[in-house]
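Structure record follows, encoded as structure tokens.
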Amino acid sequence: MPKLIITNGDSAVERLRAGGVKGHHLPWRDMLHDGPVPDSPSLAEVADARAGFLAEALGLDFGSVRADFAERDAQLEIHIAFNEVQLWFEHDLYDQLQLIQLLHFFAREPERLGLKLVQAQDYLGTLEADDIRTLSHCALPVTTLQLEAGHAAWEAFTAPTPRALAGLAGRDHPVLPHLGAALQRALEELPAPRSGLSLTEERILRQLADGPKKVHQVFAAVQAMDEARFLADMPFFLRLDGLAFAHEPLIEGLPFRASDCRPFVPSEDAPAPEEMTYRAFARATIKLTPAGISALRGRFDHASANAVDRWLGGTHLQPGAMWRYDRARQVLVEPN
């Protein structure tokens, strides 16, 4: 049987194929940094929760999303049919969460035939074929220490509180060198103590402090602020939704919710309605509201005033359980 190659998505699969990495390619499509991720050893239970969130948040059909997860997980569960399994993942939060999910899975498997890891320090979807070929020679057997580190990190991420996550974030993990920084970045998406803003939300508002800007301009500027970029366009748009359609909006100017931006294939011919809708959202001009200005000054608590209700892994952020993170002091702040 050929090798099973698991990586972060379709763009990476295309580049691996272009670089001559042969095998059965399995894209691991899921933005685990957004939405609930239950603490369950069952792939099916995790997939149920993820499909429900993604379908509602992105306006997709639940059945189709759930079927995609079922097909993906079924391929993973027959990994023993392959004589080698390679995990190809990058340094950013998006990839590191996928990696620890897979390490958690394999840590509980009685057999792990030929399990190897390629840890990339750049974005696989942008690499040239020669770079992919060079990386292919860096595939090393996954060690027991790596399995243990991934298992512990996944347990911390999916726990009902972020206490264990805070204990791992920012630390040096020699066997998984990008993990500490990625988990630190995850914590920074918790609301801040005074403003109630996540780091991404604060950066969005700061981009608008000097005046209105188009959505795509704000996206490009905010994305560039992360040394390890992890936020794609749709999860970014969801953050705009949270600021624009709150009880007390912090920004204004969005023409509709991000869930109205349905998937599409770009065309050189007349664009499809889905592409036109996406363009309308991306080209919309947004600006701060008085509440947004006050939040930037620490005088308006977005998380409290707008009863923020969202998830970070297994932690449900909601009124009465509003975990926060003091980014200046790098300290987790428990709910009052």
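The values are calculated or read from the model by the stated rules, or taken from the named source; none is laboratory data. Keep in mind that what you see is a predicted model, and the values were worked out from it rather than measured. Cβ atoms come from the backbone with ideal geometry, glycine included; neighbour counts cover every protein chain shown. Only protein heavy atoms, including side chains, enter the accessible area calculation; ligands, DNA and RNA are left aside. Shrake-Rupley method; radii C 1.70, N 1.55, O 1.52, S 1.80 Å.
The table that follows gives values for the structure above.
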| read-out | value |
| --- | --- |
| Charge tally in the Cβ shell below 15 Å around Leu317, where Lys, Arg are +1 and Asp, Glu are -1, Leu317 excluded | -3 |
| In Å², nearest 10: area of Val175 left accessible to a 1.4 Å probe | 40 |
| Count of lysine pairs in the chain with Cα separation under 20 Å (8 or more residues apart, or interchain) | 5 |
| Theoretical FRET efficiency, 1/(1+(r/R0)^6), r = Cβ-Cβ of Met225 and Ile80, R0 41 Å, to 0.05 | 0.45 |
| Full-extension gain in nm, Gln318 to Arg299, via 0.36 nm per residue minus C-alpha separation | 4.8 nm |
| The chain - accessible surface per residue (Å², probe 1.4 Å) | 45 |
| Theoretical FRET efficiency, 1/(1+(r/R0)^6), r = Cβ-Cβ of Arg17 and Glu71, R0 22 Å, to 0.05 | 0.70 |
| The chain - percent relative contact order, Cα under 8 Å, separation 6 or more | 19 |
| In sequence order, calculated HN-Hα J values of the stretch 121-135 (Karplus, 6.51, -1.76, 1.60; Hz; x Gly/Pro) | 9, 9, 7, 4, x, 10, 6, 6, 4, 5, 5, 5, 4, 5, 5 |
| Neighbour-limited loop hits for trypsin sites (Lys or Arg not before Pro), the stretch 1-68 (at most 12 other Cβ within 10 Å; DSSP other than H, G, I, E, B) | Lys22 |
| Segment Thr126-Leu113, length gained on full extension (0.36 nm per residue, minus Cα span) | 1.7 nm |
| Order by protection proxy (mean Cβ within 10 Å, highest first), peptides 292-299, 188-195 | 188-195, 292-299 |
| Pairs of alpha carbons in the chain whose separation is greater than 32 Å (percent) | 31 |
| Placed amide H near Tyr325: partners under 5 Å, 5+ positions off or other chain | Ala192, Val333 |
| Amide H partners (placed H, <5 Å) of Ile251, local residues excluded | Ala244, Thr289 |
| Lys213 long-range amide H proximity, modeled H, under 5 Å | Ile286 |
| Helix-only mean residue ellipticity at 222 nm for the chain, each DSSP H run of n ≥ 4 adding -39500 (n - 2.57), per residue, nearest 500 | -13000 deg cm²/dmol |
